[in-house]
Amino acid sequence: MKTKLLLFDIDQTILHSGGAGEKALTLALRDRFGREETLENIEIAGKTDIWIAHRIFEAHGIEPVPGNIESFLEGYLGHLEAELGRNTGRLLPGFPQILDRLEQMPHVAVGLLTGNLRRGAELKLGHFGVLDYFSFGAFSDDSQERNLLGPFARKRAGEAFGVEFPPDAIYILGDTPHDIACAKAIGAHGVGVATGRYSRAALEAAGADFVFDDLSDVEGVIRTLGL
């Protein structure tokens with residue numbers, strides 16, 4: 001019986017795409033709306049793809065009507081698949097080893113809680129060979145607000161395993177303060193992983209219950225989280 005639920009962010013937590021995601025966004029902006037500008041003033045880390053699309057539209061004076069959003073995201077996903085093959089990306093320390101170890105623990109369920117669109121998540125995880133570890137999750141398709149994704153992931157985990165996971169049995173792992181806030185929004189444990197742009201100190205200041213420099217010490221992570 002599953003008694004613990006671990007929900008992983010993707011970008012800068014499981015993997016580094018080598019800039020494929022950002023490049024795909026800029027190419028979609030160019031192809032669909034003729035804009036050549038960079039995304040340097042758009043906050044991307046820890047945000048959802050649909051939230052990012054709205055901010056890009058605001059910055060470039062594009063109407064955020066459903067048809068425009070759909071066209072932009074369709075273009076993004078098309079370019080993402082191509083850019084993953086062109087860019088130098090990698091799995092981050094501890095992967096896939098920690099996923100292998102968690103798979104061996106019959107009481108632990110593993111899923112995703114990510115700002116990626118579901119299809120984007122599949123493309124990234126599939127490219128780096130770790131998609132099969134994840135059978136459920138919550139994605140930008142569910143809500144553009146990251147703090148609203150937790151209930152979707154929790155519900156899908158319950159449906160998958162026939163168990164209702166209480167908040168204190170849920171651990172949300174990510175590299176930004178937004179991941180920690182998302183955990184706090186449902187009363188879960190926020191686990192910071194300092195493999196992105198935010199330092200250990202920044203993740204601690206955001207209220208993380210646990211912080212790791214990376215997840216390479218698999219047994220140490222398991223002990224610290226009390227799994």
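Computed from the coordinates by the stated procedures, all read-outs in this text should not be read as laboratory data. Treat the numbers as computed from the prediction; the structure is a model and nothing was measured. Every residue, glycine as well, gets a Cβ built from its backbone with ideal geometry; the counts of neighbours run over all protein chains shown.
A few comments on the model shown:
- Near the amide H of residue 138, within less than 5 Å, lie the amide hydrogens of 112, 113, 114, all on another chain or at least 5 residues away, with H placed in the peptide plane.
- Neighbour-count ranking [beta-carbon atoms within 10 angstrom, fewest first] of 124, 4: 4, 124
- Remark on residue 109: its backbone amide H falls under 5 Å from those of 3, 4, 5, 6, a criterion applied only to residues 5 or more positions apart or on other chains, H modelled at 1.01 Å from N.
- Relative exposure of 9, 132, 141, 214, judged by other C-beta atoms within 10 Å (fewest first): 132, 214, 141, 9
- The H on the amide N of residue 211, modeled in the peptide plane, is under 5 Å from the matching H of 192, each at least 5 residues off or on a different chain.
- Beta bridges by DSSP in the chain, antiparallel share as percent, to the nearest 5: 10 percent
- Cα centroid of segment 1-64 to Cα centroid of segment 161-227, whole Å: 22 Å
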